[in-house]
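Here is the structure we will look at.
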Amino acid sequence: MGTMILPLCPHPHVSLSSYSTLPLKQISIGKIRNSVRALSTSPFEMEQPMRGRALMEFPHLLAPHKDLMVGLISALDKRLHRHLLPSSATVPPDAEYYQNQSGASQGSLCINRGVDSSPIDFILASWLHLSLPNGGAMNITNIQGYLKSSTDAPHFQFELVQCSPTYFIFFLDLIPRKDLVLNPDYLKTFYEDSRLEALRKQLGTQVLEAKHYFSSSLYFRNVVSPTGIVVSITCEEAGKTGRAEEIIRDSIEPIANEVLEIWMDRCVCKGGTTIAGENERDQLEKRDRMIKSRAIEMDLSSSMPIQFGQEVADRVLGIIRGLVFWQSRD
């Protein structure tokens, strides 16, 4: 579940977390954990702040889907661990993993706020396994990176939703924080001079099954950048996952990894324009807060109680709402 849940998936009471990557080897979670530990020397860094035990297990996912999520989170660990506080500082154990009374719907949540010296506001990673009225289930995986108002660089959004064994939706974007018509230099810096458009076209060339996904939300369509990837993918082999696994492993994974690297390089490490003026900071904060709060009230507030019951929904939503209205400037 994510800070932004938008109605992309055509299933009742279920939607994509989307308020809202550079090839990695498929290796075991144990090996990844050991390699990340080896990169750290201090006790703080050894905590591996992006990792929640429940989150990294990713039950029910196809193997390449799980490898993709573990790889993306490991890449964030490796590059940004000095920027982040442990998830345990924000998310209590009863929200790190949660389920409904029957156990048919499950979820996990990991939120890392940025340290004071970092341009990162917070990074949110989540997984949802949701039971459907027809007896099936869908899996939603989501990683979002938000920056503080001290910079105008775009936010990061990754989401992969498996609606059935052969039908899924893929959303990947660097979310613009300025009007691209009024700010052509911003458009050039983050979108024209990067490989984002080439990567968007690459997916369309490699995956003939990919079709542009038109969200029912006009608001969502206005938030996505011109280079954003929002596609639905339907594999013809009914009930078989071979083609879906191939697409995730060979096409989605390398593209998702490269976009994540672009975000870490250009937006986090190099950053955008440093925002010194109070008025410009206020405008950035207002835009960020409106997008987040609208998304939560538009969808999460209704879908979470239906899937998990009011008590669990209140507990998890309370943490996420706290992020929306807490925003660090420094």
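The values are calculated or read from the model by the stated rules, or taken from the named source; none is laboratory data. These numbers come from a predicted model, not from an experiment. Please note: Cβ atoms are built from the backbone with ideal geometry, for glycine as well, and neighbour counts cover all protein chains shown. Only protein heavy atoms, including side chains, enter the accessible area calculation; ligands, DNA and RNA are left aside. Shrake-Rupley method; radii C 1.70, N 1.55, O 1.52, S 1.80 Å.
From the list Ala38, Ala63, which one is farther than 21 Å from Tyr146 by Cα, open to solvent by 20 Å² or more (accessible area, probe 1.4 Å) and modelled with pLDDT of 90 or more?
Ala63
Would you mind stating whether Asp250 is at pLDDT below 95 and charged (D, E, K, R)?
no
Take Ser303 and tell me if it is surrounded by 16 or more Cβ atoms within 10 Å (Cβ to Cβ) and in a loop (DSSP other than H, G, I, E, B).
no
Is it the case that some residue within the range 101-117 is under 23 Å from Gly242 (Cα atoms) and open to solvent by 30 Å² or more (accessible area, probe 1.4 Å)?
No - not one qualifying residue is present in the range 101-117.
Please pick out the residue among Ser216, Ser293 that is open to solvent by 20 Å² or more (accessible area, probe 1.4 Å), under 19 Å from the mean Cα position of the chain (by Cα) and polar (S, T, N, Q).
Ser293
I'd like to check something: does the range 158-172 contain any residue that is more than 19 Å from Thr227 (Cβ to Cβ) and out of contact with any strand residue (DSSP E or B) (no Cβ under 8 Å at 6 or more places or on another chain)?
Filtering the range 158-172 down to residues more than 19 Å from Thr227 (Cβ to Cβ) leaves 161-168.
Filter once more, keeping what is out of contact with any strand residue (DSSP E or B) (no Cβ under 8 Å at 6 or more places or on another chain): 165.
Taking every residue of the range 158-172 in turn, at least one turns out to be more than 19 Å from Thr227 (Cβ to Cβ) and out of contact with any strand residue (DSSP E or B) (no Cβ under 8 Å at 6 or more places or on another chain).
Name the residue that is modelled with the lowest pLDDT, counting only residues in the range 216-235 that are more than 16 Å from Val161 (Cβ to Cβ) and in a helix (DSSP H, G or I).
The extreme case among them is Tyr219.
Each row is one residue, and each column tells you yes or no for (1) part of a helix (DSSP H, G or I); (2) of a type in the set (Asp, Glu); (3) at pLDDT 95 or above.
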| position | (1), (2), (3) |
| --- | --- |
| Asp77 | yes, yes, no |
| Ser108 | no, no, no |
| Leu124 | no, no, no |
| Leu128 | no, no, no |
| Met138 | no, no, no |
| Cys163 | no, no, no |
| Phe168 | no, no, no |
| Phe171 | no, no, yes |
| Asp179 | no, yes, no |
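Would you confirm whether or not the range 236-244 contains a residue that is within 23 Å of Met138 (Cβ to Cβ), part of a helix (DSSP H, G or I) and in contact with a strand residue (DSSP E or B) (Cβ under 7 Å, 6 or more places away or on another chain)?
Yes: the range 236-244 contains one or more residues that are within 23 Å of Met138 (Cβ to Cβ), part of a helix (DSSP H, G or I) and in contact with a strand residue (DSSP E or B) (Cβ under 7 Å, 6 or more places away or on another chain).
Mind listing whichever residues of the range 79-106 are under 17 Å from Gln144 (Cα atoms) and in a loop (DSSP other than H, G, I, E, B)?
Leu85, Pro86, Thr90, Val91
So which of Leu128, Leu132 is within 13 Å of the chain's Cα centre (by Cα) and either open to solvent by 10 Å² or more (accessible area, probe 1.4 Å) or among the aliphatic types (A, V, I, L, M) (or both)?
Among Leu128, Leu132, only Leu128 is within 13 Å of the chain's Cα centre (by Cα) and either open to solvent by 10 Å² or more (accessible area, probe 1.4 Å) or among the aliphatic types (A, V, I, L, M) (or both).
Mind checking which residues of the range 240-270 are of a type in the set (S, T, N, Q) and farther than 20 Å from Ile120 by Cα?
Answer for the range 240-270, where residues must be of a type in the set (S, T, N, Q) and farther than 20 Å from Ile120 by Cα: Thr241, Ser251.
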